[in-house]
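A quick write-up on the structure given underneath.
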Amino acid sequence: MAQKKTYALPNVTTPGTPVIFHPEVCNGCNHCVEVCQVDVYIPNPEKGKPPVILHPDECWYCGCCVNDCPRPGSITFNWPVQQRAYWKDKATGKVLRDSQ
Amino acid sequence: MTRWHDFIEKDGKPPAWPYPINYDREQEIETDVLVIGGGIAGCWAAISAARKGVRVALVEKGDSIRSGAGGPGCDHWCNAPANPLSNVDPDEWAEHMAEPPYSNGIGIQIQCREDWDTLVEMEQIGGKIRDTKDEFTGAKGRDEKSKLMISPRYTKVHSYIPGSQKPITFKSNPEGKLNNVVIRVWGSTFKPALKKECKRLGVKIYDRVMVTSLLTEKGVQGARVIGATGLNNRTGEFMIFKSKAAVLATAGDWSLYVLNTELAGYNTFRSRNQTGDGVAMAWRAGAALTVMERTGIMMLGTGYKHTWYGGAGDASYENVPIVDANGKRLPWPTQGWEDAGAMRPTPEDMEKIIKGVQSGEYTLPFYGDFPAMAEVERRVTWNMMLGEESTTKNIIDSYGKGGFDPARHLLQNYNFIEGTSPSQWRSAGGGPVVDWDLKSTLDGLYVAGEQSYSAGDHSYAASTGRYAGRKAAEFSRQAGDAKVLKDQVTLEKARVYAPIKRSDGIDWKELHAGIARAMQYFCSEYKTESLLKMGLDALKEIEEVFVPRLYAIDPHKLMRSLEDLSLLNHGQIILNASLARKASSRMLNFFRIDFPKVDPPDWNKFVTVKLENGKVKAGELPLDYCGNMKANYEAHNKDYASVYKGK
């Protein structure tokens, strides 16, 4: 296993990752930083990179950051495990879940 | 590198605060009309005031492009009886709506008369209100000619629960045609269009600024409102707004009773920002408030329940039949054409369902049978409504990516299996007393949207905002200049910055939970004089002992800390209002053990509370203080110009 420095950090805020950024698509325009009602994000210190998720505990999953993103594919939702939906195939009766 | 701890692990240090820190800077802005809150009501107030030709400043805690409960979207334009497809008279519909005690007859009358005009103006500025691309041809309620789409909601009775209101025959609709008062809209297009129009009209927009207090003439409590103070929640800069009239269009208080500040955000309809700052600052300025004693458990989100709208049978799942795990149809309303949009089973049906679950007649969990629906209705419900309602587009998108196909799959319903809601999430339904100009009891202060008492929804916020904006503009034309008292600003500055001057103590989350706990203990289902007084003592202790320990590490957390102080005030107001009402009331969801008689005639009145020289003063108003709604509306709006025709 590769050696990685271990810091003394508090627990990661839960839920900690309301969205996932895709740096290969995102060009760091920060539009999501602007449309977010509660300032979940701050701009990345490195220009052109995806924003930093600073206040994930304040996210209310309104969706504006993803819906209004000018480069679709840059951000995807990441529902907390306990909030993922269940459904059932009418023909087979098999119960399914959002397991992305 | 998008999470905070990524930076620690890579660089060994957190990222620097990305905005300039300007705690010591101060900015002064002079305007005619100051709009506090840039949600739906606030944007409409700013637009209508600017169209009257006065200078307007709009101040918003988030960014007015998407802020507010209606910022992400809206799928139902409710109670629009003046629309061309309606079969009822707006005044008669308003009267019917205002029938339940403690309604806001003034706001309702404005909504019923003007929200169709407001919607037409919404279309003028770029909002989508018709099926112009013919995507839903053949859907029930869609009018071929106008391409407007009527929703089944309120088509027969104005109620979410069938049987809860007796069916009435409207004089204006003697044949009992469908009322057609609710219009489906593409509300995700609204908020950006509103901001664009504000900019086009020259409204000065101050985003990311939290208004912290109202300034009054000579700094006197109860005197004319002549401005406000604010805090930039990114830079920490202090703002002083001087105005001739102000419109309070802030949000309601949605988190006072919520203990947990982490889970509360899960898709609740209301964001963390909504902390009732407006009511708190109006209270401190001396405005009379009413209906503050009404609180009630909301069966929504909070992380303790499933994602609101995430399960079949939730609000707005129109025309979806609910079946049990074996596909057996339940007597659960479809919220559709067959049951006039009813959302909840009647009490009798609910009992049948519960008994059926216990006896094994119905097997859990229940499901929404989307595949059984007509294809076009399924698209209207799943794609259009969920695509446009406040926070739900992410549901169709995420579920779709996860493989959900409404043509093949039954969507799970979470009733019963997730248990009873913890008594954590409450709405408080009160706000400033208003007159027919939507003016509060303070000169120069107007009130709109959710901040008004017994407020309605999106179209209510839009139409009352638009109305308050034009009334405030008229007032500002004749109002004289007033001098801001320096001491009032100095005192407020000291209050605002106290938490960043400390380096240790308790953070906003701990204080928030402390306030919530006090409210849960002393102002919940079981109310008595002594418990309510203990509640006031508990909040006083928090104010005197723990507030002086509150500390914040950046402008964002400083804003959250100040919101706690709003919530603390809010709790004090609710407790004082609860002490003033010495009777129980079903309509107010207000039950006192020491005054068990429910709605005794003597107490069928509004209770009001206000601060006078720092002392709480209770008062009352007759339930029908708004008088004849139609006559008063007309008397106060002789020059109303209907839909805007200017450029």
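Summary table below
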item: Extreme residue, positive dipole direction of the protein assembly as shown, given options B:G535, B:A69, B:Q572 (C-beta unit charges); result: B:A69
item: Exposure proxy ranking, count of Cβ atoms within 10 Å, fewest first, for B:R3, B:R208; result: B:R3, B:R208
item: Choice from A:V19, A:V35, A:V81 showing the highest fluctuation, given a GNM over chain A with Cα pairs closer than 10 Å; result: A:V81
item: B:E620 versus B:N604: modelled label distance in nm, points set 7 Å from Cα along the beta carbon direction; result: 1.3 nm
item: Chain B: calculated mean residue ellipticity at 222 nm from DSSP helix runs of at least 4, using -39500 (n - 2.57); result: -9500 deg cm²/dmol
item: Burial order of peptide ranges B:527-536, B:509-518, B:171-180, B:59-68 (average beta-carbon count within 10 Å, highest first); result: B:59-68, B:509-518, B:527-536, B:171-180
item: Exceeding the 25 Å Cα-Cα cut-off - candidates A:K49/B:K493; B:K10/B:K509; B:K166/B:K605; B:K147/B:K171; B:K61/B:K196; result: A:K49/B:K493; B:K10/B:K509; B:K147/B:K171
item: At most 12 other Cβ within 10 Å, DSSP loop - trypsin sites (Lys or Arg not before Pro), the range B:407-486; result: B:K483
item: Computed label-point distance, nm, for sites B:K533 and B:E99 using a 7 Å Cα→Cβ extension; result: 4.2 nm
item: Charge dipole magnitude, Cβ of K and R +1, D and E -1 - the protein assembly as shown, Cα centre, debye nearest 20; result: 880 debye
item: Whole-percent pair-distance distribution, where bins are 20 Å wide, for the alpha carbons of the protein assembly as shown; result: 17, 52, 29, 2, 0
item: Charge dipole (the range B:76-184, unit charges on Cβ, about Cα centre) - positive-most of B:Q109, B:F170, B:A94; result: B:F170
item: Gain upon complete extension [B:E262, B:E510; 0.36 nm per residue less C-alpha separation]; result: 88.1 nm
item: Antiparallel %, DSSP beta bridges [both residues in the protein assembly as shown], to 5; result: 70 percent
item: Which of B:Y414, B:Y460, B:Y526 has the fewest Cβ neighbours within 10 Å, and the rest in rising order; result: B:Y526, B:Y414, B:Y460
item: Dipole in debye (nearest 20) - the range B:1-157, about Cα centre, beta carbon charges: Lys, Arg +1; Asp, Glu -1; result: 480 debye
item: Among A:C62, A:N44, A:F77 the positive-end extreme of the charge dipole of the range A:19-97 (Cβ point charges); result: A:F77
item: C-alpha center-to-center spacing [the range B:272-337, the range B:44-123] in angstrom; result: 20 Å
item: Loop sites in the range A:11-100: trypsin sites (Lys or Arg not before Pro), DSSP, at most 14 other Cβ within 10 Å; result: A:K47, A:K94
item: Residues B:T464, B:T235, A:T92, sorted so that the one with the fewest Cβ neighbours within 10 Å comes first; result: A:T92, B:T235, B:T464
item: Over chain A: helical MRE at 222 nm, DSSP H runs n ≥ 4 each giving -39500 (n - 2.57), nearest 500; result: -1500 deg cm²/dmol
item: Sites B:K355 and B:A407, calculated FRET efficiency, Cβ-Cβ separation with R0 35 Å, nearest 0.05; result: 0.60
item: Using a Förster distance of 25 Å, the FRET efficiency for B:N589-B:K171 (Cβ separation, nearest 0.05); result: 0.20
item: For residues of B:542-555, the mean tally of beta carbons on other chains within 10 Å; result: 0
item: Separation between Cα centres of the range A:19-34 and the range B:162-217, rounded to whole Å; result: 32 Å
item: Lys, Arg +1 and Asp, Glu -1 on Cβ, resulting dipole of the range B:448-520 about Cα centre, debye, nearest 20; result: 240 debye
item: Relative contact order %, the range B:489-647, counting alpha carbon pairs below 8 Å whose residues are six or more apart; result: 20 percent
item: Inter-label distance for B:I553 and A:A91, nm, one decimal - labels placed 7 Å from Cα along Cα-to-Cβ; result: 5.4 nm
item: Percentage relative contact order, chain B, counting C-alpha pairs under 8 Å, at least six apart; result: 20 percent
item: Modelled FRET efficiency - R0 56 Å, B:W17 with B:D143, Cβ distances, 0.05 increments; result: 0.55
item: Share, in percent, of DSSP beta bridges within the range B:486-622 that are antiparallel, nearest 5; result: 75 percent
item: Normalised contact order of the range B:322-412, rounded percent, pairs of Cα under 8 Å and 6 or more residues apart; result: 28 percent
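Each reported figure results from applying straightforward, stated rules to the coordinates on display, with no laboratory input. Just so you know, these numbers come straight off a predicted model, no measurement behind them. Positions of Cβ are generated from backbone atoms using ideal geometry, with glycine treated the same way; all protein chains shown enter the neighbour counts.
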